[in-house]
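A.B. asks: Dropping a structure here in structure tokens format, bear with me for questions.
The values are calculated or read from the model by the stated rules, or taken from the named source; none is laboratory data. As the structure is a prediction and not an experimental result, all values here were calculated from the model. In this analysis, Cβ positions are derived from the backbone assuming ideal geometry, glycine residues included, and neighbour counts consider all displayed protein chains.
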Amino acid sequence: MALGLRLDWRVAALLGFAVFGNATEAWCNQSALHPASDAAERIFNLIVVMTAGAVAIQLLVIGLVIAGVYGNWRWRHRIASVRFVFAMGVIFPTVILTALLVYGLLLMRDGHSGALPGHDAAPMDTT
Amino acid sequence: MWFGNEAMMKGETDTIFDFVSVLAGPLIWFAHFFLVYGAQSVLCTFDRAAAVPWMIFVATVLALGSVAWLVIDGVRRSDRLIPRPDGEHQDFMAYLKYAIAFASGISIVWVGATAAVLPSCN
Amino acid sequence: MTNTDLLKLPNSAPRPAGELEALERIWSTPTGFRRLTAINNNIIGVYYIATALAFFVFAGVLAAIMRAQLAVPDNTLVSPDVYNQLMTMHGTVMMFLFAVPAVEAAGVLLLPQMLGARDLPFPRLSAYAFWAYAIGGTIFCSSLLFGLSPAGGWFMYPPLTSSSFSSGIGADFWLLGIGFIEISAIAGAIEIIVGVLRTRAPGMTIGKMPVFAWTMLIFAGMVIFAFPAIILATLLLELERAFGWPFFISDRGGDPLLWQHLFWFFGHPEVYVIFLPAAGMVSMILPSMTQSPLVAYNIIVVALIATGFFSFGLWVHHMFTTGLPNLSLGFFSAASMAVSLPSGVQVFAWIATIANGKLRFHTPALFVLGFLFIFTLGGLTGVMVAMVPFDWQAHDTYFVVAHLHYVLIGGMVFPLFAAIYYWTPAFSRKALDERLGKIAFWLMFIGFNLAFFIMHLTGLWGMPRRVYTYKSEMGWGLPNLVSTIGAYIFAAGVAIVLFDLIRKFRIGYPRGNVWSAGTLEWLPNGNYSARSVPIIRHHNPLWSDPALSRHVEEGRYYLPGTATGYRETIVTSPVEAVPQYVMIMPQPSWAPMIAAAGTAAFFILLTFKLVGLALFAGAIAVIAMIRWGWDLEPKPPFAEVDIGGGLRLPTYMSGPRSHSWWAVSILLLAAAALYLSYVFSYLYLWTVAPGVWPSAADVSYGSFAALCAALFIVASVGMLLASHTLRIAHRSRQWIFPVLVIGSLAALSVGLVLEVYGHWSAGLRPTINSFAALTYTASLLQGMLVAPALVIGVYSLARYARGDLDSNRRAAFDVTHLLFQAAVVEGLFNQLLVYGFPHVVR
């Protein structure tokens, strides 16, 4: 993936393993972080991009709240304006969401082929 | 009386229709959304896939045109308003009308644009 | 208009002796056993919220049991069937018995005070809605004790919930119970719309209305248009289960996906129905906490209205994996993007408000900050699941469970708890404890994130929703244990808040404006709300006029006492809030509670197929409702009263300006939404199974269509004539009016019966296929308008006979007339759809 954000599923699995040491091969079978087809691989890239974006926006919001409470006069004055609300609340998300929507639609157009043989989901007893 | 006038007290002006007319933008959005979704479903059920992009294009142009008119007309009018004696922001209802129409316009573009990318019926 | 006019107060002080005492007497709450008859919003509102919190605790306990079951792999604490019941009841109770009623309750409690009204316009309706909800909800919850609860998940998808796969009465309990509680929600919504648009203080134009009132207005509008879809869905599924009408059975031209469309057409707006009032609370609390006005009020209002509309274009995003064409999914994905815009803009407006003042870290402020953090994350994961390809992977996994709890707990529970801390001093003699509040907040905030953040990962690692256990090889043990620990920490926080509420909350003369807030609910108030009704010139009137509280309490503004000797409030115009008339309001009564108990009993007994007893209970409910209406609209002692400053207002209003006309019109909008949902279902099933629709040659059942239509038109004309006769009121020919009314009611009923007879005699049976079932449903829906028109018609005639209905006081007849003409219009549409449509398409 060209964006340089490509995070191999093995890395994700290792991260998970590091935190939750009881991981075994079995759970990888139906993990979305373990893509086993081209289509799943493309969606996995989408997951990585969106997660990175979500983290960035969440940090931005937290940062702005902190600046709003503890920032100096100049910062707070800048934030407390209709212009700020319009720029951050209307223009910024419109641009981001347009890009994301097009990305998602292109993925949909490329379709989703079935899982590779031998990668069926583990059977679950759901009675 | 410092606020309002006789006609308002008698209910001859200031009725619910003043309120509903503000919602013109989202109502157009609503009509467009249901038209493209409904017509696409019906056309696809009866194997008329070729008509789908045209139908969506025409509906989107019409909806966007009406919404754009609401916004342009609203902004132009509100420039000419005399400030209210009670200091309320210009004419609040006129502002609501074009601002919501603007928001509806963004959504109409997004909904219509999906047809440019995706195949009609599968 | 001059400046001195602006500053002059309508009334002089001191007020005449006995004025305040008379006001207090007429608004006093009944004591002892008769306290149950109370209808005042500050009593009913508190009962309402307390009941909602009780259901919150109940459903929370169910969640705690589920979390205990899931804490370790291969657990056998509860059986699969019990787990399914717990899961279904947890979702159902949280959504239908806690979240929606809690925000509606907040509206009932806060709106009159906030708008400067004495009470909501239909206090007995609020009382009815509350009792119906409390009684019906309690019985619904008790089903769990007998193991009779529904087990099909909170969204009850058929075919799992059809009679072939869920044969017990659990599903019927859900369908009748929830359908009934939705009706109560619609009753509340009507009340709130009329209250917000017509009972604001003079001068509180729509652009100066508090944001919370805006959110409640949009909330109520969404309830009116969204809830009928679920009412229709429950009706159809219950008809299928009880009588075999095949709406969702594909062998006979039905389609289980129809349920998903109807359910989510209601279900997605419902998320915003819950969130919007909570956002409104935040927009009220933040200005107080920062002591500065809300930034970008105008943009926030635009965002709220846009959310209200866009949320109706999202329902298919719960159906991304049902195999619909990609382009259909694309529309809904795009609309889902659109709805996140207005939510985002509000977040930045709140941040701007925080920066605008100096945030004081009281407990409500902490809960609001917690809300900002959690809700933003929930919104971001919402954008993720709105992306169709992502949803293919995340659908029905714990990622969705995490997302929806971030949105609902973050978007609704945290603001509600902020509101509880914030508004308690406005209604209770004591405020809540700040130190305990802060401890509770941190427990809830940390517990929540511990429990639900990890679920995003559990979901991506592949754990599906709704499973009662999982194998240890799957590796989900540790994240689930973390979730369970977090859930219990969260519960501890909730327990502290409830403990403090029980300890401190006492209805009485309220503690007052402890936060130095700027809006009207912080005026000194009693049962009658504020002593006098102020003139509003600013968004935060208490900040712009520091003497306002004193002047209001001294009775220097409008209506400082009771002008007619009854309970009353000022009715104003919808946009500019110009006073139009003084509305006389009802006194406490047993009738709403008895009517509610009767209605609840009717639905519950139907669940158990005890039809005779159910009809008996229904009859009690109808009689109680008639009794409730009977002493409304007493003959006012004066045609006009002076409310202060020489402003004289009429004491009665009929026609399109009156509150009763508005209420019925809004009810008819809900009926129209119900009918449109039906038309959607009709067309949808036709596209699914055109084969079961008859060809033009077969439309033999249409023999009576023309006759029915003619009867409906005759009935309509007859009613118009009756209306005209009442207006000109010939004293000498008083028999004409009743004859016209009875004749029209008879023509309408005969037309409806004939319609059904026409289908039956042509050999059409509702069980044969979806077309036949839909044909009979059309008549059933029309009957749902005809029946109340008949009851209220006869009631109006009784009032006419008593001399309580004339050319002036004619609201009872106008109500009948509106219902009646709606029934006629629906009947004519039915003929077109049921008889005309098959001709057109073949």
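A.B. asks: As an exercise: evaluate C:Pro634 against (1) touching a residue at least 60 places away in the same chain (Cβ under 8 Å); (2) assigned to a helix (DSSP H, G or I); (3) surrounded by fewer than 18 Cβ atoms within 10 Å (Cβ to Cβ) and give the number of the one condition it does not meet.
C.D. replies: (2)
A.B. asks: Residues C:Gly758, C:Gly783, C:Gly751: which one is without any contact (Cβ under 8 Å) to a residue 40 or more places away in the chain and touching a helix residue (DSSP H, G or I) at 6+ places or on another chain (Cβ under 7 Å)? Steps first, please.
C.D. replies: Details: C:Gly758 fails: without any contact (Cβ under 8 Å) to a residue 40 or more places away in the chain; C:Gly751 fails: without any contact (Cβ under 8 Å) to a residue 40 or more places away in the chain.
One residue alone meets the criteria, C:Gly783.
A.B. asks: Determine whether C:Gly437 is modelled with pLDDT under 95, touching a Ser or Thr at 6+ places or on another chain (Cβ under 9 Å) and small (Gly, Ala, Ser). If you could, list the steps in order and put the result at the bottom.
C.D. replies: On the way: modelled with pLDDT under 95: no; touching a Ser or Thr at 6+ places or on another chain (Cβ under 9 Å): yes; small (Gly, Ala, Ser): yes.
Answer is no for this residue.
A.B. asks: Quickly run through the stretch C:609-631 and pick out the residues that are closer than 26 Å to C:Leu175 by Cβ and part of a loop (DSSP other than H, G, I, E, B).
C.D. replies: C:Lys609, C:Leu610, listed by residue number.
A.B. asks: Residues in the stretch C:604-621: is at least one in contact with a Lys or Arg (Cβ under 8 Å, 6 or more places away or on another chain) and either surrounded by 19 or more Cβ atoms within 10 Å (Cβ to Cβ) or not polar (S, T, N, Q) (or both)? Outline the logic, then answer.
C.D. replies: Of the stretch C:604-621, the ones in contact with a Lys or Arg (Cβ under 8 Å, 6 or more places away or on another chain) are none.
No - not one qualifying residue is present in the stretch C:604-621.
A.B. asks: Specify which of the listed residues (C:Ala762, C:Ala746, C:Ala823, C:Ala789) is under 17 Å from C:Gly718 (Cα atoms) and either over 27 Å from the mean Cα position of the chain (by Cα) or surrounded by fewer than 22 Cβ atoms within 10 Å (Cβ to Cβ) (or both). First the steps, then the outcome.
C.D. replies: Details: C:Ala762 fails: under 17 Å from C:Gly718 (Cα atoms); C:Ala823 fails: either over 27 Å from the mean Cα position of the chain (by Cα) or surrounded by fewer than 22 Cβ atoms within 10 Å (Cβ to Cβ) (or both); C:Ala789 fails: either over 27 Å from the mean Cα position of the chain (by Cα) or surrounded by fewer than 22 Cβ atoms within 10 Å (Cβ to Cβ) (or both).
Of the residues listed, the single one that is under 17 Å from C:Gly718 (Cα atoms) and either over 27 Å from the mean Cα position of the chain (by Cα) or surrounded by fewer than 22 Cβ atoms within 10 Å (Cβ to Cβ) (or both) is C:Ala746.
A.B. asks: So which residues in the stretch C:504-542 are more than 21 Å from C:Leu286 (Cα to Cα) and free of Cβ contacts under 8 Å to residues at least 60 places away in the same chain?
C.D. replies: C:Pro524
A.B. asks: Moving on to the next point. List every residue pair whose Cβ atoms lie under 7 Å apart, where the two residues are 6 or more positions apart in sequence or sit on different chains, the first residue falls within the stretch A:34-46 and is part of a loop (DSSP other than H, G, I, E, B), and the second residue, located anywhere, is of a type in the set (Phe, Trp, Tyr).
C.D. replies: A:His34/A:Trp9; A:Pro35/A:Trp9; A:Pro35/A:Phe44
A.B. asks: Would you check if there is a residue in the stretch C:355-364 being buried (at least 24 other Cβ atoms within 10 Å of the Cβ) and among the aliphatic types (A, V, I, L, M)?
C.D. replies: yes
A.B. asks: Among the listed residues C:Ala386, C:Ala365, which satisfies the condition of being closer than 19 Å to C:Gly411 by Cβ, more than 7 Å from chain A (Cβ to nearest Cβ) and over 27 Å from the mean Cα position of the chain (by Cα)? Please lay out each step first, then the result.
C.D. replies: Working: C:Ala386 fails: over 27 Å from the mean Cα position of the chain (by Cα).
After applying the criteria, what remains is C:Ala365.
A.B. asks: If you don't mind, another one. Can you spot a residue in the stretch C:127-149 that is at pLDDT below 95, of a type outside the set (A, V, I, L, M) and outside any helix (DSSP H, G or I)?
C.D. replies: yes
A.B. asks: Hey, C:Ile44 hits all of (1) modelled with pLDDT under 90; (2) touching a Ser or Thr at 6+ places or on another chain (Cβ under 8 Å) but one; which does it fall short on?
C.D. replies: With (1) modelled with pLDDT under 90; (2) touching a Ser or Thr at 6+ places or on another chain (Cβ under 8 Å) applied to C:Ile44, the lone miss is (1).
A.B. asks: Still on this structure, please answer the following. Can you tell me which condition C:Ala335 does not meet? The list is (1) more than 10 Å from chain A (Cβ to nearest Cβ); (2) more than 27 Å from C:Pro293 (Cβ to Cβ); (3) surrounded by 24 or more Cβ atoms within 10 Å (Cβ to Cβ); (4) more than 28 Å from the chain's Cα centre (by Cα), and all the others hold.
C.D. replies: (4)
A.B. asks: Here is a further query. For residues that are more than 8 Å from chain B (Cβ to nearest Cβ) and either under 29 Å from B:Tyr98 (Cα atoms) or assigned to a helix (DSSP H, G or I) (or both), tally how many sit in the stretch C:317-331. Let's see the steps before the verdict.
C.D. replies: So the first thing to find is which residues in the stretch C:317-331 are more than 8 Å from chain B (Cβ to nearest Cβ), and the list is C:317-324, C:329.
From what's left, either under 29 Å from B:Tyr98 (Cα atoms) or assigned to a helix (DSSP H, G or I) (or both): C:317-318, C:329.
Counting residues in the stretch C:317-331 that are more than 8 Å from chain B (Cβ to nearest Cβ) and either under 29 Å from B:Tyr98 (Cα atoms) or assigned to a helix (DSSP H, G or I) (or both) gives 3.
A.B. asks: Another question, if that's okay. Run down C:Ile351, C:Ile374 and say which single residue is closer than 28 Å to C:Ser288 by Cβ and more than 10 Å from every other protein chain (Cβ to nearest Cβ).
C.D. replies: Values: C:Ile351 fails: more than 10 Å from every other protein chain (Cβ to nearest Cβ).
Result: C:Ile374 is the single residue among C:Ile351, C:Ile374 that is closer than 28 Å to C:Ser288 by Cβ and more than 10 Å from every other protein chain (Cβ to nearest Cβ).
Per-residue answers, yes or no, for (1) under 30 Å from C:Gly691 (Cα atoms); (2) more than 13 Å from chain B (Cβ to nearest Cβ); (3) in contact (Cβ under 8 Å) with a residue 60 or more places away in the chain:
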| site | (1), (2), (3) |
| --- | --- |
| C:Thr290 | no, yes, yes |
| C:Pro293 | no, no, yes |
| C:Ile305 | no, no, yes |
| C:Phe310 | no, no, no |
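A.B. asks: For the stretch B:7-40, give me the residue count where each residue is modelled with pLDDT under 90, over 22 Å from B:Val75 (Cα atoms) and not acidic (Asp, Glu).
C.D. replies: 8
A.B. asks: Considering only residues that are within 19 Å of C:Gly379 (Cα to Cα) and crowded, with 24+ Cβ neighbours inside 10 Å, which ones fall in the stretch C:248-269?
C.D. replies: The one that is within 19 Å of C:Gly379 (Cα to Cα) and crowded, with 24+ Cβ neighbours inside 10 Å: C:Pro269.
A.B. asks: If you don't mind, there's one more thing I want to ask. Of everything in the stretch B:49-66, what is in contact with a Cys (Cβ under 9 Å, 6 or more places away or on another chain) and either of a type outside the set (A, V, I, L, M, F, W, C) or assigned to a helix (DSSP H, G or I) (or both)? Give them in sequence order. Full working, then the answer.
C.D. replies: Pass one, the stretch B:49-66, residues in contact with a Cys (Cβ under 9 Å, 6 or more places away or on another chain): B:49, B:52.
Answer for the stretch B:49-66, where residues must be in contact with a Cys (Cβ under 9 Å, 6 or more places away or on another chain) and either of a type outside the set (A, V, I, L, M, F, W, C) or assigned to a helix (DSSP H, G or I) (or both): just B:Val52.
A.B. asks: Go through (1) loosely packed, with under 14 Cβ neighbours inside 10 Å; (2) in a helix (DSSP H, G or I); (3) touching a residue at least 60 places away in the same chain (Cβ under 8 Å) and name the single condition C:Val664 misses.
C.D. replies: Only one criterion in (1) loosely packed, with under 14 Cβ neighbours inside 10 Å; (2) in a helix (DSSP H, G or I); (3) touching a residue at least 60 places away in the same chain (Cβ under 8 Å) is unmet by C:Val664, namely (1).
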